Amino acid sequence: MLHEISSGVVTRSPAKVRPYLLLMRLDRPTGYVLYLLPGLWAVALASGRRPDLLTVVLLAVAAVLVRGAACAVNDVIDREVDARVARTVSRPVASGTLGVRDALLFAGAQAVVALLILAVVNVETAVVAAASYPLIVAYPYMKRVFFWPSAFLALVMSVYALIGWTAATGSADYRPAVYGLYAGGAFWTLIHDAVYSHQDKEYDRRIGVKSSALLFGKATKAWLATFAVFSVGGVLWAGSQTSMGWAFYLIAALAGAFLAYLIIRVDLDDPTSCWDTFVSNTYFGWLILAAMVAGQFT
């Protein structure tokens, strides 16, 4: 449903606006949902039974903008690589629909507006988000110089757990539970990004860029299973540091089983299967959020 809504907004937008919406991947909401969810886990854990609805809404809007800025920066840096990959050749910067200057200005505008929105929640939240911006800019270069770029991405994506906790508490003085959520989100990112990277592994091999798909090769599923254990383990440990009830552990266990199912099911040599599994990872994140909420009432 979210995909249909987002795609509809992009399709019906004016012709001059549409390239910018495509640049921020508004038609592909999976990315910003994956980015947002660890932040929502943290809000649920920190707020107890009474999360502030306005805080949740502002976090969601900011997540879309931060992710949009990251995509714009990524597309500028990767424009020559994207132009050589079938899946990305039509992206606005790679195809020449948007120039580098316009893309960077749009990225900067999104980044600034996201900070202003987060500052409405509290200034500390905006400061934590701003501190993550250099990491976001650095990430596109990792596939050129670092043998495991997904590991760097995992560190960046999971920052939203810290942002969510700061938004809910007004403080960057983190409790141990937050680091469990951060670890859970980081290992989860290693899973869905590795699956995502298998879509382009043949292009990556020819072009000479690095990815999880090329690093793990035929051992990918064994690595994914290991990451799943640590992801669910981090979340369970975070819950154990608070007064979570039995429903938290039950639903978190179901989420872990679902993640295992996705790993078993995916055909890493089929780009369509990889994409479907990447999208389905959002259900794991929603299940963990449901576990956080239900655990407050049991």
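The values are calculated or read from the model by the stated rules, or taken from the named source; none is laboratory data. Since the model is a prediction, treat every value here as computed from it, not as a measurement. Note that we place each Cβ from the backbone using ideal geometry, even for glycine, and neighbour counts take in every protein chain shown.
Which residues, counting only those in the stretch 54-87, are β-branched (Val, Ile, Thr) and under 19 Å from Phe106 (Cα atoms)?
Result: Val61, Val64, Val66, Val73, Val76, Ile77.
If you go through the stretch 199-252 one residue at a time, how many are surrounded by 14 or more Cβ atoms within 10 Å (Cβ to Cβ), charged (D, E, K, R) and assigned to a helix (DSSP H, G or I)?
5
Looking only at the stretch 139-157, filter to residues that are assigned to a helix (DSSP H, G or I) and more than 16 Å from the chain's Cα centre (by Cα); which one of those is farthest from Gly68 (Cα to Cα)?
Here the residue is Val145.
Find all pairs meeting these conditions: Cβ atoms under 9 angstrom apart; at least six residues apart or on different chains; first residue within the stretch 153-166 and closer than 15 Å to Val123 by Cα; second residue surrounded by fewer than 24 Cβ atoms within 10 Å (Cβ to Cβ) and among the basic types (Lys, Arg).
Between residues of the stretch 153-166 that are closer than 15 Å to Val123 by Cα and residues that are surrounded by fewer than 24 Cβ atoms within 10 Å (Cβ to Cβ) and among the basic types (Lys, Arg), the close pairs are Trp165/Arg175.
Restricting to helices (runs of 4 or more DSSP H) lying wholly in the stretch 1-113: which have 1 or more residues that are within 30 Å of Pro176 (Cβ to Cβ) and not small (Gly, Ala, Ser)?
30-47, 53-77
Across the stretch 13-48, what is the total count of residues that are crowded, with 20+ Cβ neighbours inside 10 Å and out of contact with any helix residue (DSSP H, G or I) (no Cβ under 6 Å at 6 or more places or on another chain)?
Result for the stretch 13-48: 1.
Looking for something under 16 Å from Thr169 (Cα atoms) and either touching a residue at least 24 places away in the same chain (Cβ under 8 Å) or surrounded by fewer than 21 Cβ atoms within 10 Å (Cβ to Cβ) (or both) - is there at least one such residue anywhere in the stretch 59-81?
yes
Just for the stretch 253-298: of the residues that are outside any helix (DSSP H, G or I) and hydrophobic (A, V, I, L, M, F, W, C), which one is farthest from Trp223 (Cα to Cα)?
Phe297
Before we move on, is Ala103 in contact with a Ser or Thr (Cβ under 9 Å, 6 or more places away or on another chain), in contact (Cβ under 8 Å) with a residue 40 or more places away in the chain, crowded, with 22+ Cβ neighbours inside 10 Å and not charged (D, E, K, R)?
So Ala103 fails the test.
When residues of the stretch 64-87 are filtered for being under 25 Å from Ser158 (Cα atoms) and modelled with pLDDT under 95, how many remain?
Residues meeting the conditions: 1.
Asp204: of a type in the set (Asp, Glu) and farther than 21 Å from Lys143 by Cβ, yes or no?
no
Does the stretch 116-124 include one or more residues that are within 18 Å of Gly31 (Cα to Cα), hydrophobic (A, V, I, L, M, F, W, C) and either without any contact (Cβ under 8 Å) to a residue 60 or more places away in the chain or assigned to a helix (DSSP H, G or I) (or both)?
No, there is no match, as no residue in the stretch 116-124 is within 18 Å of Gly31 (Cα to Cα), hydrophobic (A, V, I, L, M, F, W, C) and either without any contact (Cβ under 8 Å) to a residue 60 or more places away in the chain or assigned to a helix (DSSP H, G or I) (or both).
Six or more apart or on different chains, Cβ atoms under 8 Å: show the pairs whose first residue is in the stretch 5-23 and under 12 Å from Phe106 (Cβ atoms) and whose second is at pLDDT below 90 and not in a helix (DSSP H, G or I).
Within 8 Å, no pair qualifies.
Given the conditions (1) within 19 Å of Leu153 (Cα to Cα); (2) modelled with pLDDT of 95 or more; (3) surrounded by 15 or more Cβ atoms within 10 Å (Cβ to Cβ); (4) not hydrophobic (A, V, I, L, M, F, W, C), report the number of the one that Pro134 does not fulfil.
(3)
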